[in-house]
Amino acid sequence: MNVSGSFKLQLQLSKRLSLLLNFIKLFLLLSLLLRVVFYFWQYDEVSWNILYIARTLLTGLFFDLGTCSFILLPSLLYIFVVPNRFIGSWADKGLTYFFFSLTIFILMFTFLAEITFWEEFRTRFNFIAVDYLIYTHEVISNIQESYPLPLLIGIVLLATAGVVFIFIKKSVFKNTFSDGISLRQRAIVLQLGLMVMFFFVGLVRNTDAEWSANRYNNEISKAGIYSFFAEFRNNRMDYADFYTTVNNKKAFALARNNVKETNSHFDDNSLSVKREIEEDGTEIKPNVVFVLMESMSAAFMHEFGNDKNITPYLDSLAQNSILFSNLYATGTRTVRGMEAVTLCIPPTPGQSIVKRPDNHDLFTVSTIFKKQGYDNSFFYGGDGYFDNMNSYFGGNGFTIYDRGRGSVLNDNIKTTRNIITDKEVTFENAWGVCDEDIFNKMLSVADGKYKEGKPFFNFIMTTSNHRPYTYPDNKIDLPSGKSRNGAVKYADFALGKMLETARTKPWFKNTVFVIIADHCASSAGKDEIDVANYHIPAFIYNLQGGVNQKITKQCSQIDIFPTLFALMKWDYQSNFYGKDVLLSDFKERALMGTYRKLTLMKKDQVMILSDQKKQNFYNYSVNDNSLQPKRIEKGFLDEAISWYQTADYLFSHKLLKEDKNL
């Protein structure tokens, strides 16, 4: 009898664990509720098959338990080391109440942040969230301008107080402070927590939650906190380690075949795409104003079916320029767009090259312009420290013009940085000065270059078409700060105003304007890659001798400058993957991806390469923007591999560096 009673007591959990166990229940409940919210949020795109629902929720529970093991580690260590005689002391109570309240506050804030992140990106925390953590000024300012922050913080504080009150009312704290705990139970609980934690560290990857063909079910299966920290481990992805490969010689043979042109001649290195391009005709050297427009989806334009009349100027431009009507962005971030247009290279997995180390002195479009005697400048309305823009552009031959708030260029960047002063600003928000202001700055610099007799290449990155969607009042007929439509219409207005002003300049006649979006306003969809959300407009306007036309060939951001150079009849050495779209033998294709998914699309066929050396092949339906699985074709797969494997090889082996001897 006594032996049996003693055994039961040993199995009975100490009340000291009450707070810990109730926290686990609370966390799992809140996580479940958040999944339900996301499920109904995307009710028309998630799978409502009962088995899919069950697996989504069970997979989520699995990752929530792993997340709990990390969150609770400090508590488990505390319980293990605090002697029984200190349990219930003022110090024990003070520490417990404080850290419990702090943890609940952080969790409530995180859950709320997940909702706002989902609203913007339709995904759990990912690489973007990790990036945003670095740029606190822009992100915090954006949050302050986009949301009623005092109200949100008040809600979080109220929710935290509510949880603490319930735990007090239910005697959870009282129980926690009322009982000692045996050394055996301390050790068992700590060991169990460590086992779960190390199991997730060693054997579980965030991608294990991606079990479904429906991307939304996969995202809802994940745990936001777990996903956030998982991305710290994935900021660099070597292609050969994560993706299906072919022999390097075969990969480059395929790549060279894809980029060759009738007027190109390759060098002797078979592991290269370097070639000489020779054009027939007399070269011209107009000034080039290049505008990379923030989040300007093709879907915003009447030209592509939008009936809201929010891009009247771009729609007018579509009739009076060389319009690329079937062009696709390479990625979903500004830095991907910058990478594509400056390096003319497919997106490599992980971080954009714009954000990677050792990305100076690369062979970029700036290299071509410099060899032609151009003065190259980069204009950005915010602080170019954001997303490493100043370092990348400054390290690749551009003079910098940005808003700048005290950060400086690295000592090893040999370029000039010019700060946009307060006197030059009429309006700015978290992301920078309004588009009118950055265009005005560019126009004044262009005036100066013209007086000096220097041809110029001005690269402008706009910012107004970005949350919080604020812009100067009384410019358009939509109120500031209310919607994406207003931001789009203002961006369109500012571009039109800049071109109208430029027409009055003495340098206008000899200036070509290239306008293209960095990416679409949204990239999320139920499929692995939402093809329609990579479709962007591009224009070449005011080119001497250029014939206004609509190019319907399927092509990529990486083709825009090679096409411009061909139109200007330039001979040059190329290390680019982009080609002249106007060539009769141009092979239509588009290259796009996320930081993990790499895609080759040819007409209506789509091959998607994924990490874990997986790949899927689809037919793409334009009518309903859907991907229908099909059997993989070996030749198509090898071609897709060749684009990305060789691009990654060139950067990782420093073969994208500019040859200073030429």
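Among PRO506, ALA532, SER480, whose Cα projects farthest towards the positive end of the dipole of region 469-548, with charges put on the beta-carbon of Lys, Arg (+1) and Asp, Glu (-1)?
Projecting each Cα onto the dipole axis, the largest value belongs to PRO506.
Can you compute the helix-only [θ] at 222 nm over the chain? Use -39500 (n - 2.57) per DSSP H run of at least 4 residues, normalise by all residues, nearest 500 deg cm²/dmol.
-14000 deg cm²/dmol
Need one value: the accessible area of ARG356 in square angstrom, 1.4 angstrom probe, rounded to the nearest 10.
Its heavy atoms expose roughly 10 Å² to the probe.
Just the projected area, averaged over all directions, of the convex hull on the alpha carbon atoms of region 448-598: how many nm²?
With the hull built on Cα positions only, its mean projection is 12.4 nm².
Based on the inverse mean of 1/r over its pairs of different Cα atoms, what is the Kirkwood hydrodynamic radius of region 590-662, in Å?
One over the average 1/r among Cα pairs gives 13.7 Å for region 590-662.
How many percent of Cα pairs in region 217-318 exceed 17 Å?
Working: 3987 of 5151 pairs.
Above the 17 Å cut-off, region 217-318 has 77 percent of its Cα pairs.
So for the chain: antiparallel DSSP bridges make up what percent, rounded to the nearest 5?
Looking only at bridges with both residues in the chain, the antiparallel portion is about 55 percent.
Over the chain, give the accessible area per residue in Å² for a 1.4 Å probe, as an integer. Write out the running numbers ahead of the final one.
Working: 28420 Å² over 662 residues.
Solvent-accessible surface per residue comes out at 43 Å².
How long is the gain from LEU13 to ASN247 if the chain were fully straight, where each residue apart is worth 0.36 nm and the alpha carbon distance is subtracted? It would help to have the intermediate numbers written out before the result.
Working: separation 234, 0.36 × 234 = 84.24 nm, distance 5.89 nm.
Extending this stretch completely gives an extra 78.3 nm.
Starting from the exponent 0.38 and prefactor 2.2 Å, build the expected Rg for region 506-662 from its residue count and divide its actual Cα Rg by it.
Compared with the compact-globule rule of thumb, region 506-662 sits at 1.18.
Choose one of TYR649, GLY593, LEU17: the residue whose Cα lies farthest towards the positive end of the charge dipole of the chain (beta-carbon charges +1 Lys, Arg; -1 Asp, Glu; about the Cα centre).
Going by the charge dipole, the pick is LEU17.
Please give the charge dipole size of region 234-297, origin at the Cα centre, charges +1 on K and R Cβ atoms and -1 on D and E Cβ atoms. Round to the nearest 20 debye.
320 debye
Work from the charge dipole of region 414-509 (Cβ charges, +1 for Lys and Arg, -1 for Asp and Glu, about the Cα centre) and give the residue of ILE438, THR470, ASN458 farthest towards its positive end.
ASN458
Rg/Rh for region 226-382: what does it come to with C-alpha atoms and Rh from Kirkwood?
Using only Cα positions, Rg/Rh for region 226-382 is 1.00.
Whole number please: convex hull volume per residue, Cα atoms of region 268-360, in Å³.
For region 268-360, the hull spanned by Cα atoms encloses 185 Å³ per residue.
Using heavy-atom solvent-accessible surface (probe 1.4 Å) with all chains present, what is the largest-first order of LYS579, LYS613?
LYS613, LYS579
Which percent of the accessible heavy-atom area of the chain goes to carbon and sulfur, probe 1.4 angstrom?
About 58 percent, which is the carbon plus sulfur part of the accessible surface.
In nm, give the distance between the simple-model label positions of LYS602 and ASN474, each being 7 Å from the Cα along the Cα-to-Cβ direction.
5.8 nm
Can you tell me the dipole magnitude for the chain around its Cα centre, using point charges on the Cβ only (Lys, Arg +1; Asp, Glu -1), in Debye to the nearest 20?
Computed about the Cα centre, the dipole is about 2180 debye.
Any idea what the dipole of region 146-290 comes to, in debye rounded to 20, about its Cα centre with Lys/Arg Cβ at +1 and Asp/Glu Cβ at -1?
1220 debye
The values are calculated or read from the model by the stated rules, or taken from the named source; none is laboratory data. Given the structure is predicted, the values throughout are model-derived calculations rather than measurements. Cβ sites come from the backbone with ideal geometry, for glycine too, and all protein chains shown count toward neighbours. For the accessible areas, the whole protein counts, side chains as well, though only heavy atoms, and no ligand, DNA or RNA atoms are used. Shrake-Rupley method; radii C 1.70, N 1.55, O 1.52, S 1.80 Å.
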